[in-house]
Structures are given as structure tokens and as C-alpha cells.
Amino acid sequence: MVKIRWLGHAAFIIKIKGKTIVVDPWISGNPACPIKSNELEKVDHVVVTHDHGDHLGDGIEIAKRDKAKFIAIYELALKAKDEGVENTFGANIGGWFEVDEIKYLLTPALHSSMIGEPVGVIISDGEKSIYHAGDTGIFEEMELLGKMYRIDVALLPIGGVYTMGPYEAAIATFMLMPRVVIPMHYNTFPAIKQDPNLFKKYVNKIAPKIEVKILKPGEEVEL
Ligand code: ZN
């Protein structure tokens with residue numbers, strides 16, 4: 001069973017194959033996050049899509065606290081190592097790699113970053129797969145990702161300004177063809193205020209078979 005809990009913005013806790021993974025753990029200072037950093041359960045892996053503060057967040061501290069593996073693009077993993085994280089796994093955009101029997105694949109993301117390239121990530125237990133897009137604009141290869149990897153759940157930013165807005169994310173959903181799509185990266189602060197129901201309305205029109213799950217921060221879904 002796979003469990004996905006939204007912590008607001010782009011932060012998610014994913015429980016898969018007995019492991020607890022936190023992606024983009026912006027907890028301290030995240031106005032949408034329902035927990036404090038010391039309330040975060042023990043995690044096995046910390047996955048960071050890029051080094052902007054609202055994604056790297058508490059990642060380095062959490063990895064140190066829990067002796068968790070810090071998984072990111074190569075250069076960002078090096079930075080984590082320099083800052084004292086014991087276990088890092090630096091990878092790059094390309095094929096599958098395995099960390100403690102969890103399969104990961106880094107995807108492109110159309111965005112910016114200070115260290116290394118920004119990425120998205122596909123996480124799989126070999127049966128179910130979750131695509132966290134990171135921060136990204138829409139890009140054509142999403143269609144290829146959808147064809148190559150059977151994506152069960154796509155976590156897509158819809159806030160606009162820094163990422164796709166509701167319309168672009170709905171088209172991205174159509175290209176990725178996941179079973180379920182969960183919008184993220186909106187309503188954290190005024191600049192990215194969005195109505196997730198508008199996203200849902202677009203998806204229902206463009207790709208009516210895909211289920212749109214709108215979560216509240218703190219809410220969890222099971223696959
Ligand atoms: Zn960013």
C-alpha cells in the first residue's frame with residue numbers, strides 16, 4: 001500500500017514499501033504546513049527537487065536528524081554532504097536507480113535553480129509509481145513520461161507565477177495520463193493564490209477519466 005500525505009506547498013510524505021520518504025520538506029516557515037519540524041515523523045529518505053528555499057526547506061536538518069538518505073541532483077547532494085549529511089545519493093536526469101529497494105527516476109523540470117538542474121522525480125515500488133513534478137512549466141516530454149512510465153499519481157504545481165497554472169497543469173495531466181492527479185504549489189502565499197476547482201474543471205473537460213483529488217494540507221490518500 002502507498003500513502004501520500006500533503007504537508008502544504010510542494011511537501012509530501014510518501015509511505016511506500018515500508019519506507020517513509022519526505023519530498024521537498026519545507027516545514028519551518030511554510031505557512032501552509034500543518035506541523036512543526038519537530039513533529040515530523042522519522043523519515044528514511046529526503047528527496048529534494050531543487051535548491052530553492054521553499055523546496056530544500058528543512059531537508060538538510062531532517063536528513064542529519066534521522067540519518068536519512070538525502071536524494072537529489074548530483075550537485076545538490078554534494079552541497080548536503082558538505083553541510084554534514086552522512087548519507088547522500090546524487091543522481092541525474094535519466095534512468096532508474098534504487099535506494100533501499102525504492103526505485104527513483106529524475107525527470108527534467110522547466111524551472112531555475114542555483115545549484116545543479118531542477119528536476120522532478122518518479123518514485124516506484126515496482127508496481128505503483130508517483131510523479132512529483134517539482135517546480136515546472138509545461139514541457140512536451142511530459143507526454144513521453146506518461147507513455148514510458150505508468151504513472152498512478154501525479155503531483156503537479158498549479159500556482160502559476162513560478163510554475164504551471166491551472167490551465168497548463170490540466171494539459172500536463174492530459175499528457176501524463178495518470179490515474180489520479182493531486183494539485184500542489186498553490187495558496188501557500190498570495191502570489192500563488194489559485195482555485196483548485198478551476199484546475200479540476202479543466203481536467204474534467206480535457207481528460208475526464210482522470211481523478212482529481214484536491215487535498216487539504218495535512219490530508220492523506222491511500223493507493
Ligand atoms: Zn523553485
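The values are calculated or read from the model by the stated rules, or taken from the named source; none is laboratory data. Since the structure is predicted, the reported quantities are computational estimates derived from the model, not experimental observations. Please note: Cβ atoms are built from the backbone with ideal geometry, for glycine as well, and neighbour counts cover all protein chains shown. Accessible surface areas use protein heavy atoms only, side chains included; no ligands, DNA or RNA. Shrake-Rupley method; radii C 1.70, N 1.55, O 1.52, S 1.80 Å.
On the basis of being out of contact with any Lys or Arg (no Cβ under 7 Å at 6 or more places or on another chain) and assigned to a loop (DSSP other than H, G, I, E, B), does K42 make the cut? Break it down stepwise before answering.
Numbers: out of contact with any Lys or Arg (no Cβ under 7 Å at 6 or more places or on another chain): yes; assigned to a loop (DSSP other than H, G, I, E, B): yes.
Yes.
Counting only residues that are aromatic (F, W, Y) and in contact (Cβ under 8 Å) with a residue 40 or more places away in the chain, how many does region 170-222 have?
Number of matching residues: 2.
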> Which one of L215, L156 is of a type outside the set (K, R) and in contact with a Ser or Thr (Cβ under 8 Å, 6 or more places away or on another chain)?
Replying inline: L156
> Can you pull out the residues in region 66-93 that are touching a strand residue (DSSP E or B) at 6+ places or on another chain (Cβ under 7 Å) and either part of a loop (DSSP other than H, G, I, E, B) or charged (D, E, K, R) (or both)?
Replying inline: A68, K69, K81, V85, N87, N92
>> Taking the condition of being open to solvent by 10 Å² or more (accessible area, probe 1.4 Å), closer than 18 Å to G95 by Cβ and either out of contact with any Lys or Arg (no Cβ under 8 Å at 6 or more places or on another chain) or within 15 Å of the ligand (Cβ to nearest atom) (or both), how many residues in region 125-145 meet it?
In response: 3
>> Suppose we filter G53, G18, G29 for residues that are open to solvent by 60 Å² or more (accessible area, probe 1.4 Å), over 14 Å from the mean Cα position of the chain (by Cα) and within 16 Å of the ligand (Cβ to nearest atom); which single one remains?
In response: G29
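Which one is surrounded by the fewest Cβ atoms within 10 Å (Cβ to Cβ) among residues in region 170-190 that are among the aliphatic types (A, V, I, L, M) and within 14 Å of the chain's Cα centre (by Cα)? It would help to see each step written out before you state the result.
Quick first cut of region 170-190, residues among the aliphatic types (A, V, I, L, M) only: 170-172, 175-177, 180-182, 184.
Those still in the list that are within 14 Å of the chain's Cα centre (by Cα) too: 181-182, 184.
On the way: V181: 29, I182: 23, M184: 31.
Of everything passing the filter in region 170-190, I182 is surrounded by the fewest Cβ atoms within 10 Å (Cβ to Cβ).
If you scan region 32-50, which residues turn out to be touching a strand residue (DSSP E or B) at 6+ places or on another chain (Cβ under 6 Å) and within 16 Å of the ligand (Cβ to nearest atom)? Before you say what the answer is, go through the steps one by one.
If we filter region 32-50 for residues that are touching a strand residue (DSSP E or B) at 6+ places or on another chain (Cβ under 6 Å), which is where we start, we get 43-49.
V47, V48, T49, listed by residue number.
Give the number of residues within region 103-124 that are in a strand (DSSP E or B) and surrounded by fewer than 20 Cβ atoms within 10 Å (Cβ to Cβ).
Taking region 103-124 first, the residues in a strand (DSSP E or B) are 103-108, 110, 119-124.
Filter once more, so that each one left must be surrounded by fewer than 20 Cβ atoms within 10 Å (Cβ to Cβ): 103-104, 108, 110.
Residues in region 103-124 being in a strand (DSSP E or B) and surrounded by fewer than 20 Cβ atoms within 10 Å (Cβ to Cβ): 4 in total.
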